[in-house]
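Here's the structure we're looking at; comments come further down.
The values are calculated or read from the model by the stated rules, or taken from the named source; none is laboratory data. Computed from a predicted model, the values in this text were never measured in an experiment. Cβ coordinates were reconstructed from backbone atoms using ideal geometry, including for glycine residues, and neighbour counts include every protein chain displayed. Keep in mind that these areas ignore ligands, DNA and RNA; they rest on the heavy atoms of the full protein, side chains included. Shrake-Rupley method; radii C 1.70, N 1.55, O 1.52, S 1.80 Å.
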Amino acid sequence: MKKVLILVTLLVAVTGCFGKKKDPEKKPTDKNVVEVKEKGVIENKEYSGIKIENIKFVYDGKYTTMSFVLINSRSEAITLGRYDVIVKDAKDEELGKLESYSADEIQPNESLEISLSLDKDFSKATSADFNFITLNQTQ
């Protein structure tokens, strides 16, 4: 499990670099931490029997960590494979896209906690949409 989370984090870090100019170095402090988790801001989601709950973003002045829980409410086990998370602000403008991968098999009614990190500010996030690319191809 730890290997998969490390792999996912590395994959996001490597593919998440969008060629952005380097900002002046900000050192994370408690004063810089912005947490977005209020109910109604980032709503729970459901996609074809996959529930996504407890979506939250924590921005520390340099990195945003997104965490959420996936719940398999289908009657068969699933493997997510490649999926994207599209993050938008209140104006429905895209703040960024996190490309990720999970090789973990999730049994029916089981959950998987996922944490993704990116060197980008998602503190203004109001929605997160999920695109389960590999899973949609196997249906």
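Could you list, in sequence order, all residues of segment 87-139 that are free of Cβ contacts under 8 Å to residues at least 60 places away in the same chain, more than 26 Å from Gly61 (Cβ to Cβ) and within 12 Å of the chain's Cα centre (by Cα)?
Asn131
Just the residues that are closer than 12 Å to Tyr47 by Cβ and of a type in the set (D, E, K, R), please, taken from segment 115-134.
Across segment 115-134, the qualifying residue is only Asp129.
Condition check: within 11 Å of the chain's Cα centre (by Cα) and either at pLDDT below 90 or open to solvent by 70 Å² or more (accessible area, probe 1.4 Å) (or both). Does Phe57 satisfy that?
Yes.
Spot the failing condition for Arg74; the list is (1) at pLDDT below 90; (2) farther than 16 Å from Ser117 by Cβ; (3) open to solvent by 30 Å² or more (accessible area, probe 1.4 Å), and only one is missed.
Among (1) at pLDDT below 90; (2) farther than 16 Å from Ser117 by Cβ; (3) open to solvent by 30 Å² or more (accessible area, probe 1.4 Å), Arg74 violates only (1).
If a residue counts only when it is of a type outside the set (Asp, Glu), which strands (runs of 3 or more DSSP E) contained entirely in segment 40-139 have at least 3 such residues?
50-59, 64-72, 78-88, 94-106, 111-118, 127-131
Give all pairs with beta carbons closer than 6 Å in which a residue from segment 62-77 that is under 15 Å from Gly96 (Cα atoms) and touching a residue at least 24 places away in the same chain (Cβ under 8 Å) meets a residue that is of a type outside the set (D, E, K, R) and surrounded by 15 or more Cβ atoms within 10 Å (Cβ to Cβ); count only pairs at least 6 apart in sequence or on separate chains.
Note: pairs meeting the criteria are Tyr63/Ser117; Thr64/Phe57; Thr64/Leu118; Thr64/Phe122; Thr65/Val58; Thr65/Ser117; Met66/Phe57; Met66/Leu116.
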